[in-house]
Each structure stands twice: as structure tokens, then as C-alpha cells.
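Below is one structure, written out as C-alpha cells; the observations come after it.
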Amino acid sequence: MEKIVIEGSQKLSGEVRISGAKNAAVAILPATILAGSACTIKNLPMVKDVTYLRDMLIQMGGKIHIHDNDKITIDTSGISTSKIDLELAKRMRASYYFLGALLSRFKKAEVPFPGGCNIGVRPIDLHIKGLEALGAKIKISHGLIRAAADELRGARIYLDVVSVGATINIMLAACMAKGTTTIENAAKEPYIVDTANFLNALGACIKGAGTDVIKIKGVKSLGGCEHSVIPDQMEAGTYMIAAASTKGDVLIKDIIPTHLDAVSAKLREMGAEVTEYEDSIRVKAPTRLKAVNIKTMPYPGFPTDMQQPMSVLLSVSEGTSIVTESIFESRFKYFDELRRMGAKIKIEGRVAVIEGITKLTGAPIYATDLRAGAAMVVAGLTAEGKTTISNIGYIERGYERLEEKLINLGSKIRRIEDK
Ligand code: UD1
């Protein structure tokens with residue numbers, strides 16, 4: 001395993017191009033199974049989660065042709081198995097999308113309990129309830145989820161917790177079910193809209209994605225398509241926050257600015273200059289910003305994935321901020337690492353009180369999960385002196401060409417062997 005070393009306190013400046021959205025890509029790759037023919041996916045971020053899924057598709061009999069760094073064609077016509085590679089699947093959360101995808105195409109699926117970041121209990125009961133409502137019989141034993149159905153039938157499904165994963169998994173399973181499926185209290189994240197657009201391009205009939213009621217009229221079969229993945233709002237948000245916390249001036253390019261409204265609004269409230277253009281946002285923060293309160297909520301609320309990088313910025317802002325994490329109960333573990341850098345943070349359950357200090361100081365720190373890893377990078381960029389981040393495998397799961405992009409923005413960041 002390698003480490004990232006950052007010599008901090010360099011103002012970020014210049015332009016950065018944002019890659020395709022990891023959370024959309026990890027749904028779309030398993031969804032290619034529904035096509036049963038060739039799909040060309042563009043703007044695919046080459047992050048570890050994406051390469052694991054690509055490798056799983058290859059192991060199952062899928063044929064992959066790489067045209068370009070971010071453009072691949074996946075032909076799933078040769079896939080005949082309803083099982084996935086257990087070792088690869090356990091490394092990530094999104095392997096659960098194979099459940100809906102395989103069930104839809106083969107009427108059976110066998111996947112392991114998902115892995116991924118340890119940020120809370122992360123049950124999958126809603127996925128299972130949704131698939132059972134469509135007619136699947138589900139058995140869980142020895143860490144495996146086995147699903148089978150003679151026939152999938154449309155149903156009305158109310159999600160009692162808003163869940164990105166459950167919404168997408170049910171959409172996948174419902175595309176070729178008999179009749180119409182309605183998902184109520186559906187998640188509204190842009191990844192859901194992108195996955196629905198992909199499935200509709202295959203020939204599915206999905207309406208309402210992006211609202212809290214999604215209707216899926218089952219069709220008999222689906223075919224191939226060409227699709228471009230939406231830009232990654234979390235990668236963009238991370239660069240916006242890093243620009244603000246280093247008192248920099250950065251143009252974040254090739255994005256959909258409305259996906260970042262919650263982050264932009266908070267940065268403006270703190271005193272940063274945030275200018276939106278058609279497909280880019282410029283963040284400029286010449287002086288120390290002011291404290292604000294944050295409560296994480298499902299989209300379009302403030303994203304839980306940005307809670308961690310944002311808390312780094314709050315820890316060097318003027319005044320006291322209150323951060324409430326309402327989605328994942330264990331998403332504050334990284335505060336121990338920030339405290340090593342001097343941050344003053346008290347935690348009471350799901351609420352953190354951050355008393356802003358004038359500067360963080362570099363220290364050896366540890367990435368406790370993917371977005372906490374991104375937060376550690378923001379902390380290293382912001383701090384005075386040298387920061388060494390270990391356990392960076394998490395960061396590689398979601399950030400494409402991180403060092404290259406940050407070096408282009410003027411930061412001093414490098415990778416070293418972890419001896
Ligand atoms: C997705 C994102 C992750 C993001 C999260 C919330 C992917 C691959 N990951 O994760 O980056 O942080 O959305 O925006 O897209 N829940 C249940 N039962 C279930 C499923 C979820 O109770 O069956 C709960 C969870 O514990 C959590 C809440 O619902 O409290 C939201 O989770 P969910 O939206 O499902 O998150 P993921 O899809 O795992």
C-alpha cells in the first residue's frame with residue numbers, strides 16, 4: 001500500500017476537469033446485463049470500484065472493448081451465469097446492483113452481502129423488501145443473498161427510508177417485470193436519473209426519476225445503447241471545498257452546476273465567491289470563511305458524502321459550526337484524525353460541534369473511508385507543513401487521477417511507498 005504526502009498551505013488555483021460520476025457508473029455497469037448486447041459507455045471514471053465491476057463482468061463472460069481511457073463497450077450477450085465473483089464483490093458496496101440486474105435478466109441471482117465503507121450499519125432490507133414485492137423469493141445464508149422468481153410482476157413499493165441503492169435496485173428488477181411498478185418515496189439523486197436515462201436508452205419505460213415517485217412500465221426485452229455518464233458531483237464538491245479551504249481560486253469544469261446547489265449555497269453563506277456558468281463553477285475564497293451549520297439530507301439536501309470534506313473547512317473557519325449527520329450514524333470516525341492536526345471538535349451522537357481554529361498543522365493521518373479519505377486530502381492541502389495519509393485505497397475507489405489534478409492546481413502532493 002502507498003501513502004500520499006502533501007506539503008500544505010498552497011493556494012489552489014487554475015482549472016480542473018471533473019470525471020464521470022462513480023455512483024452512476026457503478027449502477028450502470030451492472031445494468032448492462034439487462035441489455036444482453038453491446039453498450040458503449042462514455043465518461044466512465046477509471047476508479048477502483050469501476051475496475052472491480054468491469055472485472056466482475058469479464059469473469060461472468062462479458063466482453064469488454066476499451067476505446068479510450070474513459071470510453072468502453074461492454075457486450076453482456078455471452079453472460080449466462082447468475083453468480084458474481086465473491087472476492088471482488090465484497091470489496092465494494094455497489095455489487096448489490098447485480099441482485100436487481102441478474103434477477104431481471106435470469107430470474108435468479110446470487111450475490112454476497114455488500115462491502116464498502118464502514119460508515120454505519122448500512123442494511124439492505126429495503127432492497128430485499130422491494131425485490132420480494134416484485135415476486136422474488138430471497139434466502140440469506142452463509143453471507144450470500146440468493147434471489148429467484150418464476151416471474152417478476154410490477155408492484156407498488158413504498159420505501160420507508162429514502163435509499164439510493166434500493167431505488168436503483170428496484171428499478172433494475174422492474175424494467176422487464178410484467179406490469180407497472182411504482183416506487184414511492186424514491187431517492188432523487190442525479191445517479192438515479194442517470195441510471196434511468198441509461199435504462200430508457202436500452203428500451204425501458206421509466207418515468208419520474210428525479211422525483212419521489214418513479215413509475216416503471218415493464219417491457220419484454222431491452223437492447224444495447226450508447227450512454228455518457230453524468231459528471232461526478234462529489235468529486236466536484238471536493239474540489240470546490242478544497243479551493244475554499246486553501247483560500248484559492250479554482251474553475252471546476254464539465255459539471256452540472258445545479259447538482260451542487262447545496263454545496264454552493266453553504267460556501268456562499270460562509271463568504272466564498274461562487275460563480276456558476278453553464279457547465280462550470282468558479283470558487284474563490286480570498287479570506288478566512290465564517291462558520292455555518294450543516295445537516296446532511298437526501299438530495300437535494302446537503303450530501304452526506306460532502307459532510308467530511310466540509311467539516312475540514314469548518315474546522316479552520318471563524319466561529320463555531322454545528323454539523324448534524326442524519327444519514328449514516330458512524331460518519332464521524334475521521335474526526336480523530338483531524339484532531340491530530342489540531343482541530344477542535346466535540347461529538348454528541350450524530351452532532352458535532354466544531355470550533356474553528358486559525359490553522360491545521362500537518363500530521364500522519366489515516367483514511368477511514370472513501371469520503372473521509374477525500375477529507376484528509378483537503379486537510380493536508382489546508383494544513384501548515386507535511387501531512388502523510390495512509391490507507392489510501394479508499395480514496396482510489398472514488399477519485400480519478402487525484403494527484404495529477406491537484407498538482408495542476410498548484411498543490412505539492414506525491415505518492416510514496418508505505419514501508
Ligand atoms: C449511496 C451512495 C453513497 C451515499 C449514500 C447516501 C452509491 C454506491 N453510494 O449509498 O455514496 O453516501 O447513497 O447518499 O451510490 N438504508 C436502510 N435500508 C436499506 C438501504 C438503506 O435502512 O435497505 C438506510 C441507510 O442505512 C442510510 C439511508 O438508508 O441510513 C441511505 O442509504 P442509501 O441511500 O441506501 O445509501 P447507499 O445506496 O448505500
Given H placed on each backbone N at 1.01 Å, which residues far from THR246 in sequence or on other chains put an amide H within less than 5 Å of it? LEU12
MET234 neighbourhood, Cβ < 11 Å, K/R = +1, D/E = -1, net charge -2
Taking springs between alpha-carbon atoms closer than 10 angstrom, which of LEU44, LEU88, LEU53 fluctuates most in the Gaussian network model of the chain? LEU88
GNM result for the chain, Cα springs below 10 Å: residue of GLN308, GLN233, GLN59 fluctuating most strongly: GLN59
Rounded to 10°, Cα long-axis angle of helix 48-60 versus longest principal axis of the chain: 20 degrees
Rounded to one decimal in nm, the spacing of the 7 Å Cα→Cβ label points at ILE407 and LYS137 is 5.7 nm
What's the extension gain from GLU278 to SER13 if we count 0.36 nm per residue and subtract their Cα-Cα distance? 93.4 nm
Quick one: what are the phi-derived ³J(HN,Hα) couplings along the range 142-150, Karplus 6.51/-1.76/1.60 with θ = phi - 60°, whole Hz, x for glycine and proline? 6, x, 10, 10, 10, 10, 8, 8, 6
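Using Cα-Cα distances under 8 Å and only pairs 6 or more residues apart, what relative contact order does the range 22-228 have, in percent?
Reported relative contact order: 21 percent.
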Given the convex hull over the Cα atoms of the chain, what projected area results after averaging over all orientations, in nm²? 18.4 nm²
Residues of the range 22-228: accessible area per residue with a 1.4 Å probe, Å²: 39 Å²
Interchain or long-range residues, amide H under 5 Å from SER163's placed H: ALA187
Relative contact order of the chain (C-alpha contacts under 8 Å, at least 6 apart) in percent is 21 percent
Based only on Cα atoms, what Rg/Rh ratio does the range 22-228 have, Rh being taken as Kirkwood's radius? 0.92
Please report the spacing between the Cα centers of the range 142-218 and the range 65-105 in Å, no decimals. 18 Å
Nearest-0.05 FRET efficiency for ARG415 and GLU355 at R0 = 25 Å, using Cβ-Cβ distance, is 0.15
What is the range 254-293 by shape, rounded, prolate or oblate, if you read a ≥ b ≥ c off the alpha carbon gyration tensor as root eigenvalues and call it rounded for a/c under 1.5, prolate for a/b larger than b/c, and oblate otherwise? oblate
If a/c stays under 1.5 just call it rounded; otherwise compare a/b with b/c (prolate if a/b is bigger, oblate if not). Do that for the range 313-398, with a ≥ b ≥ c from the square roots of the Cα gyration tensor eigenvalues. oblate
Check each of the trypsin sites (Lys or Arg not before Pro) in the range 4-57 and keep only those in coil by DSSP with at most 16 other C-beta atoms within 10 angstrom; list them in order. LYS11
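Need the full-extension length gain, ARG288 to GLU2, defined as separation in residues times 0.36 nm minus the C-alpha distance. One decimal, nm.
99.7 nm
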Have a look at GLY100, GLY210, GLY179 and tell me which one the Gaussian network model of the chain (Cα, springs below 10 Å) gives the largest fluctuation. GLY179
Note to self, the chain gives a 222 nm [θ] from helices alone (DSSP H runs n ≥ 4, -39500 (n - 2.57) apiece, / all residues, nearest 500) of -10000 deg cm²/dmol
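Which is the longest stretch in the chain that no exposed loop site breaks, taking sites as GluC sites (Glu not before Pro) with a DSSP loop state and at most 13 other Cβ atoms within 10 Å?
Excluding the exposed sites themselves, the longest stretch runs over 1-150.
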Between 0 and 90°, nearest 10: helix 164-174 axis offset from the chain longest Cα axis: 20 degrees
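The values are calculated or read from the model by the stated rules, or taken from the named source; none is laboratory data. It should be emphasised that the depicted structure is a prediction, and the values quoted were computed from it without experimental measurement. Glycine gets a Cβ as well: all are built from the backbone with ideal geometry, and neighbour counts include every protein chain shown. Accessible surface is based on the protein model in full, side chains and every heavy atom, while ligands, DNA and RNA are left aside. Shrake-Rupley method; radii C 1.70, N 1.55, O 1.52, S 1.80 Å.
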